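The structure appears right after this line, and notes come after that.
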Amino acid sequence: MSTPVSTDLTPARLKRQPDIPLPEGVCSIGDLTVVSPDLLLVSNFSKCSVQLLDCLKGEVVSEVQLRDYLYRMCLTDRNTAAVQGRKIQMIKVKGRTLTKDRELTVSKDVYGLTSSRNSLVVAYGSSPWPEVISMDGTVVHQFDKSGKSQHFNDPSFMCTTPGGSVFISDIDAHTITKVDAQLNLLQTFTSPLLQEPRGITAVTEDLILVCSRGNNSLVLLQPSTNTMSTLLGEADGIELPHSLTYCPDQKKVYVASYCTETIKVYQVS
């Protein structure tokens, strides 16, 4: 069972740890997610592959090659990942081995992706309106755009909270949007601290971490108070942050730039 995280998350409680070196040197990381306390799943845009990375040794222990360039991915359960491309590729994670599973055909190119209640929430490069699709590709819910101006410009990264809410970062609009599992609009967050937001992850229901690429920082969003604060910046090693993930078992935050030689690691004290 993971240790609860205090709601008093401040810069003083995030301590930088040694970076994880990437074995192939500079590579383009589309996304990353925690599989187990010692393993990260990484989408390597440079190689069109998904890699299982040993956090302790900095070694790729398993890899699957895919046809498309890869950006976003998420775990649908403890042993399965969904990876975005022209189709959604399902990847099985068994121990320290990755294998291809089935492909899920969708109507458009997927850009944003997260898992929620045995379904997938997707955003498309050619459309600003997210959808919820079942695990066979059937559209279950659509963001309600009736009577509204276009809410999203460029929805990219998404995350799901333990309670099932979905947070969506919009690079062009410089916003974070909170929706429920049926894509009903709940809240929209803006702040001068938020510039070109990309990667986003939920630590708890009320602690959301966001990569603010435009000002080289990691921002903490607390929805209950509608506030944002800067947790980490350039002095802490944050430079053009692109994606991030949180490990609840070890209380660690992993941050990657798009083109990088290392993954930054921060311990929550």
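The values are calculated or read from the model by the stated rules, or taken from the named source; none is laboratory data. Computed from a prediction, not measured in an experiment: that's the story for all the values here. Quick reminder, even Gly has a Cβ in these numbers, built from the backbone with ideal geometry, and neighbours come from all protein chains shown. To get the accessible areas, we keep the full protein, side chains included, count just its heavy atoms, and leave off ligands, DNA and RNA. Shrake-Rupley method; radii C 1.70, N 1.55, O 1.52, S 1.80 Å.
For a bin width of 10 Å, list the pair-distance distribution of the chain built from all Cα-Cα distances, rounded to whole %.
So the P(r) values, bin by bin, are 7, 33, 39, 19, 2, 0.
Is the shape of the stretch 68-113 rounded, prolate or oblate, going by the alpha carbon gyration tensor and its root eigenvalues a ≥ b ≥ c, with a/c under 1.5 for rounded and a/b larger than b/c for prolate? Mind dumping the intermediate values first?
Working: a/c = 2.14, a/b = 1.94, b/c = 1.10.
It comes out prolate by the Cα gyration axes.
Would you please report the Å³ per residue occupied by the convex hull of the alpha carbon atoms in the stretch 1-149? Spell out each step's value before the answer.
Numbers: hull volume 25.1 nm³, N = 149.
Convex hull of Cα atoms, per residue: 168 Å³.
For Cα pairs less than 8 Å apart in space and 6+ apart in sequence, what is the mean separation divided by the residue count of the stretch 20-112, i.e. the relative contact order in percent? Walk me through the intermediate numbers first.
Values: 212 pairs, mean separation 18.3, N = 93.
Relative contact order for the stretch 20-112 comes out at 20 percent.
Distance between Cα centroids, the stretch 54-95 to the stretch 26-53: provide it in whole Å.
Here the two parts' Cα centres lie 7 Å apart.
Please report, in Å, the Rg and the Dmax of the stretch 125-269, where both are computed over Cα atoms only.
Over the stretch 125-269's Cα set, Rg and Dmax evaluate to 15.2, 46 Å.
Which entries in 47/94; 47/92; 47/264; 15/92; 87/264 show an alpha-carbon gap greater than 25 Å?
On the way: 47/94 22 Å; 47/92 19 Å; 47/264 21 Å; 15/92 33 Å; 87/264 30 Å.
Over 25 Å apart, Cα to Cα: 15/92; 87/264.
Normalising by the residue count of the chain, find the relative contact order in percent from Cα pairs under 8 Å and 6+ residues apart. Before the final figure, lay out the partial values.
Details: 735 pairs, mean separation 47.6, N = 269.
The value is 18 percent.
Using a cut-off of 21 Å between alpha-carbon atoms, which lysines can reach residue 178, once sequence neighbours fewer than 8 places away in the same chain are excluded?
In chain and number order, the partners are 145, 148.
Kirkwood hydrodynamic radius, computed over distinct alpha-carbon pairs, for the stretch 65-182: how many Å, to one decimal? Display every interim value, and only then the final one.
Numbers: mean 1/r = 0.0687 Å⁻¹.
It is 14.5 Å.
What percent does the relative contact order of the stretch 148-247 come to when contacts are Cα pairs within less than 8 Å and at least six residues apart?
20 percent
How about the stretch 184-269: which GluC sites (Glu not before Pro) there are in a DSSP loop, with at most 15 other Cβ atoms within 10 Å of their Cβ? Write down the numbers at each step before the final one.
Details: sites: 205, 234, 239, 261; in loops: 205, 239, 261.
Sites meeting the loop and neighbour criteria: 205, 239, 261.
Quick one: pull the percent of accessible area on the chain belonging to carbon and sulfur, 1.4 Å probe, ligands and nucleic acids left out. Write out the running numbers ahead of the final one.
On the way: 5320 of 11380 Å².
Here carbon and sulfur together make up 47 percent of the probe-accessible area.
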